[in-house]
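Here is the structure we will look at, set down as structure tokens.
The values are calculated or read from the model by the stated rules, or taken from the named source; none is laboratory data. All of these numbers come straight from a predicted model, not from anything done at the bench. Reconstructed Cβ throughout: ideal geometry from the backbone, glycine too, with neighbour counts over all protein chains shown. Quick note on the areas: whole protein, heavy atoms, side chains included, nothing else; ligands and nucleic acids left out. Shrake-Rupley method; radii C 1.70, N 1.55, O 1.52, S 1.80 Å.
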Amino acid sequence: MQLAGNLRVVFVAAVWLWAARAAEAGEAVRLRVISYNIHHGEGVDSRLDLPRLAKVLLSEQPDLVALQEVDDRAARTGSVSQPAELARLTGMHVAFGGNIRLQGGRYGNAVLSRFPVQREWNRELPNVGGGEQRGVLGVEVELPGESERLLFCSTHFDHRPAATERIQSAERVNELVREWNGPAVLAGDLNDIRGSQALQVLERQWLVANEGELPTIPVERPARQIDFVLVRPRERWRLVESRVLPEAVASDHRAILSVLELVR
């Protein structure tokens, strides 16, 4: 077990070194970004299995991961710090934003990053009608060979039928990043579809990282895309690839992967 952990650390270091050398050579450094609602680690088979989730992530060698529905020391998931455990299993850096107190712990969003996190913040989103408190977690990372930091955000919008809170949350996210002058990526479970009012609000500032529909739910036979990766400013990004991962047991959502290139 220790050997496997050491190998993951070596792999992460090797990837970072390669990216730094590629950037120094003037080559584009691609970013592999995943958004995944992990359903507090419980799969559709009712098994609580963080190693299985980590395996899904490691299979795609991501640079940045936005996670939603993450428990931190909640009794229902064995009082385990899921952010810390997933960081250990993947060999990545971690940040967590708890938005709800739950069974002796917290519940919210997390970020995994191959790059060291230089700064992090968590902000509550509007709460309409006493629903679950939602939030957006932002981290700043330094990309190898780049002089400016990247802002990477993980969020989870309200799930109820009425769109009011989602629209207000989208407006709040735009407000939070309006003064950010560098490149930014937003990823998460938006609980809404393309063409919805909430997505239209986000698209005033953000570009969705996939052109066609990429359904992520229901997990067995996905029919709707509610999990997204978005980037800003539009002119700074080249969208290389986006796809939904085939894993259909580890969570009640499928993960979405986007491969992006930052244009200098």
- request: Say whether the condition of being open to solvent by 40 Å² or more (accessible area, probe 1.4 Å), among the small types (Gly, Ala, Ser) and closer than 19 Å to Leu31 by Cα is met by at least one residue in the stretch 212-231.
  value: no
task: Please verify whether the stretch 232-242 includes one or more residues that are part of a strand (DSSP E or B), crowded, with 24+ Cβ neighbours inside 10 Å, in contact with a strand residue (DSSP E or B) (Cβ under 7 Å, 6 or more places away or on another chain) and at negative phi.
output: no
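Has the stretch 152-159 got any residue that is under 18 Å from Val128 (Cα atoms), surrounded by 16 or more Cβ atoms within 10 Å (Cβ to Cβ) and aromatic (Phe, Trp, Tyr)?
yes
Does Gln205 meet the test of being out of contact with any Cys (no Cβ under 9 Å at 6 or more places or on another chain) and open to solvent by 60 Å² or more (accessible area, probe 1.4 Å)?
Values: out of contact with any Cys (no Cβ under 9 Å at 6 or more places or on another chain): yes; open to solvent by 60 Å² or more (accessible area, probe 1.4 Å): no.
When the stated conditions are applied, Gln205 does not pass them.
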query: If you check every pair at least six apart or on different chains, which have Cβ atoms under 7 Å apart with a residue in the stretch 180-200 that is touching a residue at least 40 places away in the same chain (Cβ under 8 Å) and part of a helix (DSSP H, G or I) first and a residue that is open to solvent by 10 Å² or more (accessible area, probe 1.4 Å) and of a type in the set (Gly, Ala, Ser) second?
result: Ala198/Ala163
statement: The residue that is farthest from Gly129 (Cα to Cα), considering only those in the stretch 160-197 that are of a type in the set (A, V, I, L, M, F, W, C) and more than 18 Å from the chain's Cα centre (by Cα), is Trp180
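Residues checked against (1) modelled with pLDDT under 95; (2) over 24 Å from Arg30 (Cα atoms); (3) β-branched (Val, Ile, Thr):
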site: Leu143; (1), (2), (3): yes, no, no
site: Phe152; (1), (2), (3): no, no, no
site: Thr155; (1), (2), (3): no, no, yes
site: Thr164; (1), (2), (3): no, yes, yes
statement: Scanning the stretch 107-118 residue by residue, those surrounded by fewer than 22 Cβ atoms within 10 Å (Cβ to Cβ) and of a type in the set (A, V, I, L, M) turn out to be Val117
field: Filtered residues of the stretch 221-264 (kept if without any contact (Cβ under 8 Å) to a residue 12 or more places away in the chain and under 18 Å from the mean Cα position of the chain (by Cα))
entry: Pro246
query: Can you find a residue in the stretch 27-40 that is over 18 Å from Cys153 (Cβ atoms), basic (Lys, Arg) and surrounded by fewer than 18 Cβ atoms within 10 Å (Cβ to Cβ)?
result: yes
statement: Log entry, pairs with first residue in the stretch 119-131 being more than 14 Å from Ala184 (Cβ to Cβ) and open to solvent by less than 30 Å² (accessible area, probe 1.4 Å), second being part of a loop (DSSP other than H, G, I, E, B) and modelled with pLDDT under 95, beta carbons closer than 6 Å, six or more apart or on different chains, reads none
In the stretch 77-107, the residues that are closer than 24 Å to Pro62 by Cβ, touching a Gly at 6+ places or on another chain (Cβ under 7 Å) and of a type in the set (Ser, Thr, Tyr): Thr77, Tyr107
message: Just to verify a result, which residue in the stretch 53-106, among those that are hydroxyl-bearing (Ser, Thr, Tyr) and more than 26 Å from Leu150 (Cβ to Cβ), is most open to solvent (accessible area, probe 1.4 Å)?
response: Ser79
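Would the stretch 213-231 turn up any residue that is in a loop (DSSP other than H, G, I, E, B), among the aromatic types (Phe, Trp, Tyr), at pLDDT 95 or above and touching a strand residue (DSSP E or B) at 6+ places or on another chain (Cβ under 7 Å)?
So in the stretch 213-231, the residues in a loop (DSSP other than H, G, I, E, B) come out as 213-216, 218-223, 225-226.
After this cut, where a residue has to be among the aromatic types (Phe, Trp, Tyr) as well, the list is none.
Scanning the stretch 213-231, I find no residue that is in a loop (DSSP other than H, G, I, E, B), among the aromatic types (Phe, Trp, Tyr), at pLDDT 95 or above and touching a strand residue (DSSP E or B) at 6+ places or on another chain (Cβ under 7 Å), so the answer is no.
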